[in-house]
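Got a structure here, written out as structure tokens. Questions coming.
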Amino acid sequence: MQIDDYHFETWHGQSAYALLEEFDAVSGALFEGRNCVAAEDVGRATVQIFPLAYGEGIVRKYRRGGLAALFLRDKFLGNRMLREFEVHLAYYRAGGPVPEPLGVSWECRDFLCQGAIATRRLAGETLLDGLIRADAAEAGEMLRLAGEAIRHMHDSGLWHADLQVKNILVSDGALWLIDFDRACQYRVLGRFGRARNLLRLRRSFEKHGRSRTDYETLLAGYGAIDIPWWLDWAYRMRGASAPMRSGS
């Protein structure tokens, strides 16, 4: 498969696509971890930063969590890395609020694959960190922009598998969506898929102790949405241990 502006390369059993204009830096980081330094506070994923001719890139190596990690560690059934890259690249080229995809690498044996994905690093912070430091007016603007960005994603037919406050970045007055692992691209995303994303995000707000007003402000930016009552109830039951505060 040929992808415009990306070069395909193999090295010691690994395969990769890397952006042509940054090929040496991206392929080196993906294949060998060349010039990479560890990033902080990345949770389950292994994330490293590396220099580019212009700016910096991030490499995220795929890692499993839970009990499966004891047996499979960093291996997955099927090429999740390439699937994420293709979805991310298509949305980037469609004008989506996502960082530039720089490349992807993978190695597959007996149907099990491991690998990494690289994107351009954005100088910013997570939506959660932004809300913690912002005053009321700044927070309101961030939340409205976040709602608009999510609406754009949904109107483009894209469903995010892990939409939460740490997968939305605030950078230079703009909002960016990240981490499209297991995301699905549809011709049209229906109200059920939209509602699942938004309710998953609400649960993330609750988990981090944010107010109901924050979530309602984001929904105002998102626009009209009809969430099925039974799905709303199911998500409320799942998140009952972390109720949302009533005030800001």
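The values are calculated or read from the model by the stated rules, or taken from the named source; none is laboratory data. Only a predicted model underlies this, so the values are computations on that prediction, with no experimental measurement involved. Ideal geometry is used to build each Cβ from the backbone, glycine not excepted, and the neighbour counts take in all protein chains shown.
Do we find that ARG109 is in contact with a strand residue (DSSP E or B) (Cβ under 8 Å, 6 or more places away or on another chain) and not acidic (Asp, Glu) in this structure?
no
Filter region 194-218 down to residues that are touching a Gly at 6+ places or on another chain (Cβ under 6 Å), touching a residue at least 40 places away in the same chain (Cβ under 8 Å) and not hydrophobic (A, V, I, L, M, F, W, C), then give me how many there are. Full working, then the answer.
The initial filter retains those residues of region 194-218 that are touching a Gly at 6+ places or on another chain (Cβ under 6 Å), namely 203, 206, 211, 217-218.
Narrowing the set further to residues that are touching a residue at least 40 places away in the same chain (Cβ under 8 Å) leaves 217-218.
Filter again for not hydrophobic (A, V, I, L, M, F, W, C), leaving 217.
Final tally of qualifying residues: 1.
Hey, another quick one. Only residues that are in contact with a Lys or Arg (Cβ under 7 Å, 6 or more places away or on another chain) and under 11 Å from GLY147 (Cα atoms): list them for region 219-240, please.
ALA220, GLY221, TYR222, GLY223
While we're looking at this one, here's another question. Could you pull out the residue among LEU89, LEU102 that is assigned to a helix (DSSP H, G or I) and modelled with pLDDT of 95 or more?
Values: LEU102 fails: assigned to a helix (DSSP H, G or I).
Being assigned to a helix (DSSP H, G or I) and modelled with pLDDT of 95 or more holds for just one of LEU89, LEU102, which is LEU89.
A further question on this structure: Any residue at all in region 62-76 that's modelled with pLDDT of 90 or more, of a type outside the set (Gly, Ala, Ser) and closer than 17 Å to PHE180 by Cα?
No, region 62-76 contains no residue that is modelled with pLDDT of 90 or more, of a type outside the set (Gly, Ala, Ser) and closer than 17 Å to PHE180 by Cα.
Another one. Among the residues of region 152-193 satisfying the criterion of being assigned to a helix (DSSP H, G or I) and in contact with a Lys or Arg (Cβ under 9 Å, 6 or more places away or on another chain), which is surrounded by the most Cβ atoms within 10 Å (Cβ to Cβ)?
HIS154
Does region 194-219 hold any residues that are surrounded by 20 or more Cβ atoms within 10 Å (Cβ to Cβ) and outside any helix (DSSP H, G or I), and which are they?
ARG210
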